[in-house]
Every structure is written in C-alpha cells, then in structure tokens.
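Asks: One structure is given below, represented as structure tokens, and several questions about it will come after.
The values are calculated or read from the model by the stated rules, or taken from the named source; none is laboratory data. Quick caveat, the model's predicted, so the values are computed rather than measured. Virtual Cβ from ideal backbone geometry, glycine too; neighbours counted across all protein chains shown. The protein model used for the area step is the full one, side chains on, heavy atoms only, and it has no ligands, DNA or RNA in it. Shrake-Rupley method; radii C 1.70, N 1.55, O 1.52, S 1.80 Å.
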Amino acid sequence: MKIERKILWVFFTVAVILQLGLVVRMIAHSETTLNHGTTVKFGCIPVDPYDAFRGRYLDLALRTFEMSPEGLLPAEIVSLPVDERKGKTLYALIAVDDDGFGRVQRYLSRPPEDRDALWLKVRLADDGYMIDYPLRKYFINEKIADRAEKAFGEALLRDPADGEMPDPWVTVSLFRGRGVIRTLFIDGLPLEEYLKAEEGKDRQRQQETGRLGRSRTYRRSNS
Amino acid sequence: MNAHINWLFRELPELIQDGLLDVQQAERIKSRYLSRSDGRSQEAGGVLLAVFGTIGALLCSLGVILLLAFNWDRLGIAARVVIAILPMLAAQYLGFLLLRGKDRSPAWRNATAAFWMLSCAGALALVSQTYHLEGSMEGFLAALIVCILPLPFITRCFTSDLLYLGSITVWSILVRANGGQAFLFWLLFAPFLVRFILTLKADRFGGSAVYLSWFAAVSLAVNTGFSLERVLPGLWIPVYAALFCLLYLSGALVYREDIPAGRQPLYLFGSWGIIALGALFTYSWPWKEIGWQYERESLASGTSVGDFLLLGILSAAVLGAAIILIRQKKAGHLVFGAFLPLSGLCFYLSASRGAGAMFVVHGLFNLYLLAMGLSRIAMGFGSRDLIQINSGTSILSLLIAMRFIFVEDFFSNLIWRGFIFIALGASFFAVNVWLVRRLKKVEPRESGA
C-alpha cells in the first residue's frame, strides 16, 4: 500500500516537472530571443489578403521566405530528388539592409559557425520547393480582428513604389536560429496604434460629415 | 427503487398468506433487496456527482478563459504569462490535495482531472499565443499529451482516462492527415492500456470499464489504420483481422456469458468487426493488387518495420488468448479466432498468385461466414441462448443477402447461383427437420424429469 502511494507521488512529481518544464521552456526560449536577439524587419506580401484572419491570428506571409529558394539552396539539397528534399531542415542566413529589413542571403544545411551571423531554422515544405518558416502567425484579439484584417489586407494591396519600404512589415527578434515576432507595423505604426489612429480619423470624418450635413439643412431651411 | 423489487415486495404478503414463505424469510428477502437497492442508488448518486463535478470544472475553466479573453489585449506579456500558468498551478495544488487525502470521491477525482487537463491545455495555448509561437495542432496536442501523461495514474478516474485516450486518438489522426508517421500512437497507448487493465480488474462490469472499453475499441479500430505506413499493399487485412480477433478473444476471456451483450464491449465490437470484415472479404476488391509485387517502397527501406511489428505483436497476443481459452475449455470461441489465420492465408494466396487465387479466397470466406453463423446457432441451441441463435441467423441472412443481391464474378452466373441456393435451402430444411425431432426427444425427457 505504501509502495503504491510512493509511486503515485513519483507520478505527481513527474507531472509537475513535465508541465512546468514545458511551459517554462517555452517562455524562457521566447524571452531569451526577445531580450538578447537582434531585431530585424520583414516585409509582408499578400497571399490571401481577403482572408488573412484565420481563427485568432493574421496569416503573415514574409516576402523573403515566400520567394522561391532555388539558387539559394545548398548543393547537397539541390542534388536530392524532390521526394527526399521534403521536410529537410535548413538554416536561413539573414542579411540586413540599411533600413533594418532582413532578407535571406542563402540557405545552409548546417547552422553557421559565425557567432554573429543572423539565422533562422526553417525546413523545406512538403512540396520539396517552398520554405516552411515559423513566423507566420500573428495572434490578435477577436475584438479587433475584423478591423485588423481589413487594415492588413488593404495595406498588403498597396503596392510599394520603387525604393519605398514594403508595407506592412513585422519586427522579429532573431537569436541562435530561433525567431519570435515582436510587432506588426502598418504605415509605420504598430497594428494596435494604427487601428486607434484610424478609428480617430473615422470619428473625425463622421463629425465633419455630420457638421456639413447640418449646415446644408440649415441653409436649405433659411432659403 | 427498482420496479422489479417493488413488485417483489408487493408479492411478499401474498406468498406468506399462501404459506410459501414465513414472516422471517420474507423479512430477510426484504432486507437483502433493500440493501442492494440502496447500494445501487448510492452508486447512481456517485456517478451523477462525478458527471456534474466534471461538467462544473469544465464550465468554470472555460468561463475563466472567456473573462480573460475580454481584457487580453490590455494585458502586458508578463501578466498574460502569469494568468496562463496560474490555473495550472491551482490544478497541481488540487492534485496534491487529492494525493494527500486518503479516499477522495469519484466526483472530486473527475472534476480535478478535467480541470487539470484543461488548465494544461490553456497554459500551452496562451503562452504560444502571447509569444506568437508558430505551431500546428498536432504539435500542440503532442505537447499536451506529454503534460497529461501521468494524470490518469494520479487521478485514477474515467475523465482522465477518456481525455488522455481522446488526445492521443486525435493527435494520431491529425499526424496521419498531414502526411506524418503516427506509429508513436502505440507507445502513447501503452500507459492507457495499463490504466484500462487496472479499471477492468477493479470492476469489469462497472460503468467506467464498460464505457472506456467502447471508446478504447473505437480508438483502436480507427488508429490501427492511421498508424499503418501502407508500404505493403493489403497488409491491413491481417492487421485488422488480428485486432478484431484480439478484441473478441480478450472479451471472451474477460466477460462471463450471463452478462448482457451491451456490457461486453470488447467481445461485441470484436465480433462486429470480424463479421463486417468477413463480409467484405467475400468480395474481390480487398484482394486486388496486394502483396509484395505491388510494394510502394522497398521493404528493405525499413519504413514498414512498424507495420510488421504491430502485426507480430497483435498475432502473438491472439495466439496467447487462444491458448488460455483452450485451457479454460472455451474453445467454441475459436471459430471467431480462426479469422486471423484464414485472413493471413488468403493474404498470402492473393499476394503470391494474384487473380488466380480469387476463387479459392471467395470460397473460403463464404464457407467461413457459413460456419460462423451455424456455429453460433449450434452454441445458442446448446446453451438455450436465443440471442446467440439470432446472431447466427443474422450472419447467415447477411451472407445470403450478399450472395443474392450484391453479386460479382462466379456468383453472377444465375444457373450456378440458383443451384447453390436450392442446395443451401434444402440443407436448411434438413437441419430444421433434425432439430424438430431432437427437440421433441428432449422435451419429454425434461418433462419426465
């Protein structure tokens, strides 16, 4: 009986360690990446701007990872038949331009040895051609979901002129192959601030329309 | 109180009056059935408490999540993380209290299990959401399964067993649907199996054991297919045959014959599976293009090792169960158990000889279903069990309907079919005449006794 009880306590300890361990590990990894990582901007492109909100997150499609990786892949991967390429782990070496925007310089089959190099662990998608990267979901509250989706979709459809910064973009912290999304920017403002600003503009527009409508009615009634 | 017991109590005064019972005997009968009735109502009350406790825990957890979701965007990362972990810590404290207490009620156990598992799921989901962590549903479920793995052993209740089984079942389906390998399901199933055996040992006819058996049988039937790599076409035939035989034979080992069929899920599910597959195997489509000549990938690549391992383990378990049944003098059940060697033989024949073996395979499975139906009727006749006789008749009816309506190949020839039906009909008449004569002989002997 005593042995059975001891076993139960062992199970309890294991459960607590597993549960706390897993959650704390997730938090620690993310916090380390946010605090010690290098912040890089990534421009988004429209994949499906009319249906970007999937459940509770915006589906981000980062331009540099969405482009065909052919020409950037390591020779040992290129030589493989498509079936064997599927799901292969790759290491995207990131170069940052003067505006802070990151782009994939090339994909490596091993993590770079240079400690200062910026890189992200990705994999070849199941079609063997595209890249599966871990920075696609931007979780948002359902209360602002509709407005966020509309704003994000509209921003995606605005084509940036040559030399202009891509819009929208996300800031991502990169640290030892891990990436954590920081903020989504639209028109240079964090999403939440952009929505507030837009809300303010809308309210102002409504007030102006109301004032204009009232003055017209007044004029008509006087004449 | 039960209507039958009420009836018995109403009858007692009359029985005393007729001199069949004296007052003391009547009192003893009354007290015996009263205590039984009380026990049952207590058990029903316990179940009700457990159900309401579990639903209460689920609703409270969901309510808290909704309240938090309302203000979620106003909270900073640190606050969100604390809120995500707090319910899990509270659940762990409840688990601690559960272990410290000597004998917690089923309601307490079930409610704690539900809250604990939900709080783990909530913590993982909220932390992932807070840090915008990429992840698939199956990845989330895998993490959850690791978290809740020890909980069925700590809380020892139906809710934790069921939620764990549900999690591994859905995980396996999702992994397979996304093109992954789901063989790990069997490793994750092992802890559940231990809990399941302990539940059966505690009370094999109790509500928990019965419902858990139904869910386990369904989960196994679904996940056997999902966990197969299908490198060798048609290997599913012996694998599923082994699974249903194992369910049937373990049911025959675990349950008593005087228990209603609904309380013997393994036995019932196994027999349904064997009959359904047996009926399917009388057609040609399962046997077409199977075997090593059609392998999708070289067998030497090792991808299908898991499939063969599964077949080996299931077959060994069937063999073990068959040996125990023979020792227990319950060899009558082996008619159903013969489904595995027959399926294995037919798989080998179809794989090695292709379409040439189809006639033999069809013939064997038609004869097998016929033998199965007749043996059921004979067993039912022997034990005067009308349900068994009816099940045998149903198997025969199914076989006849299949050969008369949905026909193919050899059976599509009307002349042959006509002769076979006349011959079968005549033999049934003959058996009927024999049975009537035999029953007439038995009745006078019984009435004389």
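Asks: Looking at this structure, is B:Leu200 away from every other protein chain (no Cβ under 13 Å) and open to solvent by 10 Å² or more (accessible area, probe 1.4 Å)?
Replies: yes
Asks: Here are some conditions: (1) within 21 Å of A:Thr39 (Cα to Cα); (2) within 14 Å of chain B (Cβ to nearest Cβ); (3) open to solvent by 20 Å² or more (accessible area, probe 1.4 Å); (4) of a type outside the set (Val, Ile, Thr). A:Glu84 meets all but one. Which one does it not meet?
Replies: Every listed condition holds for A:Glu84 apart from (1).
Asks: Given the conditions (1) open to solvent by 40 Å² or more (accessible area, probe 1.4 Å); (2) closer than 30 Å to A:Glu199 by Cβ, and given that A:Lys137 satisfies all but one, which numbered condition is not satisfied?
Replies: (1) is the only condition that A:Lys137 fails.
Asks: Kindly indicate which of A:Lys150, A:Lys143, A:Lys201 is more than 16 Å from the chain's Cα centre (by Cα), exposed (fewer than 11 other Cβ atoms within 10 Å of the Cβ) and either of a type in the set (Ser, Thr, Tyr) or assigned to a helix (DSSP H, G or I) (or both).
Replies: Every option except A:Lys201 fails the conditions.
Asks: To continue, here is another question. If the requirement is being open to solvent by 60 Å² or more (accessible area, probe 1.4 Å), within 14 Å of chain A (Cβ to nearest Cβ), over 31 Å from the mean Cα position of the chain (by Cα) and modelled with pLDDT of 80 or more, which of these qualifies: B:Ala84, B:Ala78, B:Ala90?
Replies: Matching residue, one of B:Ala84, B:Ala78, B:Ala90: B:Ala78.
Yes/no per residue for (1) free of Cβ contacts under 8 Å to residues at least 40 places away in the same chain; (2) within 15 Å of the chain's Cα centre (by Cα):
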{"position": "B:Leu246", "(1), (2)": "no, yes"}
{"position": "B:Leu249", "(1), (2)": "no, yes"}
{"position": "B:Val254", "(1), (2)": "no, yes"}
{"position": "B:Pro260", "(1), (2)": "yes, no"}
{"position": "B:Phe269", "(1), (2)": "no, yes"}
{"position": "B:Trp272", "(1), (2)": "yes, yes"}
{"position": "B:Ser284", "(1), (2)": "no, no"}
{"position": "B:Gln293", "(1), (2)": "no, no"}
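Asks: Can you name the residue in region B:122-142 that is more than 9 Å from chain A (Cβ to nearest Cβ) and within 21 Å of B:Ala182 (Cα to Cα) and, of all such residues, is least open to solvent (accessible area, probe 1.4 Å)?
Replies: So the residue we want is B:Leu141.
Asks: Turning to a different aspect of this structure: Taking the conditions exactly as written (out of contact with any helix residue (DSSP H, G or I) (no Cβ under 9 Å at 6 or more places or on another chain) and modelled with pLDDT of 90 or more), does A:Val180 satisfy them or not?
Replies: Spelling it out, it is not the case that A:Val180 is out of contact with any helix residue (DSSP H, G or I) (no Cβ under 9 Å at 6 or more places or on another chain) and modelled with pLDDT of 90 or more.
Asks: A further question follows. Given the conditions (1) farther than 19 Å from A:Val180 by Cβ; (2) at pLDDT below 90, report the number of the one that A:Asp59 does not fulfil.
Replies: Failing condition for A:Asp59: (1).
Asks: So, one more: Would you confirm whether or not region B:155-174 contains a residue that is within 26 Å of A:Gly179 (Cβ to Cβ), open to solvent by 30 Å² or more (accessible area, probe 1.4 Å) and more than 14 Å from chain A (Cβ to nearest Cβ)?
Replies: Within region B:155-174, one or more residues are within 26 Å of A:Gly179 (Cβ to Cβ), open to solvent by 30 Å² or more (accessible area, probe 1.4 Å) and more than 14 Å from chain A (Cβ to nearest Cβ).
Asks: I've got another one for you. What pairs come out if I take residues in region B:205-216 that are closer than 14 Å to B:Gly251 by Cα and pair them with residues that are acidic (Asp, Glu) and crowded, with 19+ Cβ neighbours inside 10 Å whose C-beta lies under 8 Å away, six or more apart or interchain?
Replies: Filtered contacts from region B:205-216: B:Leu212/B:Asp161.
Asks: May I pose another question? Within 24 Å of B:Arg256 (Cβ to Cβ) and surrounded by 15 or more Cβ atoms within 10 Å (Cβ to Cβ): is that true of B:Ile400 in this structure?
Replies: no
Asks: Given the conditions (1) assigned to a loop (DSSP other than H, G, I, E, B); (2) in contact with a Lys or Arg (Cβ under 8 Å, 6 or more places away or on another chain), and given that A:Asp114 satisfies all but one, which numbered condition is not satisfied?
Replies: The failed condition is (2).
Residue-by-condition table, conditions (1) under 21 Å from B:Met402 (Cα atoms); (2) modelled with pLDDT of 90 or more; (3) assigned to a helix (DSSP H, G or I):
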| residue | (1), (2), (3) |
| --- | --- |
| B:Ser315 | no, yes, yes |
| B:Ala322 | no, yes, yes |
| B:Ile326 | no, yes, yes |
| B:Phe336 | yes, no, yes |
| B:Phe347 | no, yes, yes |
| B:Gly356 | no, no, yes |
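Asks: Here are A:Thr38, A:Thr33: which of them is more than 11 Å from every other protein chain (Cβ to nearest Cβ), farther than 30 Å from B:Phe115 by Cα and not charged (D, E, K, R)?
Replies: Of A:Thr38, A:Thr33, the one residue that is more than 11 Å from every other protein chain (Cβ to nearest Cβ), farther than 30 Å from B:Phe115 by Cα and not charged (D, E, K, R) is A:Thr38.
Asks: Follow-up question, since we're still on this one. All but one of (1) farther than 18 Å from A:Leu34 by Cα; (2) modelled with pLDDT of 85 or more; (3) crowded, with 16+ Cβ neighbours inside 10 Å hold for A:Met130; state the number of the condition that does not hold.
Replies: Of everything listed in (1) farther than 18 Å from A:Leu34 by Cα; (2) modelled with pLDDT of 85 or more; (3) crowded, with 16+ Cβ neighbours inside 10 Å, A:Met130 misses just condition (3).
Asks: Right, something else. Consider only pairs whose beta carbons are under 6 Å apart and that are at least six residues apart or on different chains; among these, list those whose first residue lies in region A:120-148 and is under 30 Å from A:Arg85 (Cβ atoms) and more than 10 Å from every other protein chain (Cβ to nearest Cβ) and whose second residue is open to solvent by less than 20 Å² (accessible area, probe 1.4 Å) and among the acidic types (Asp, Glu).
Replies: none
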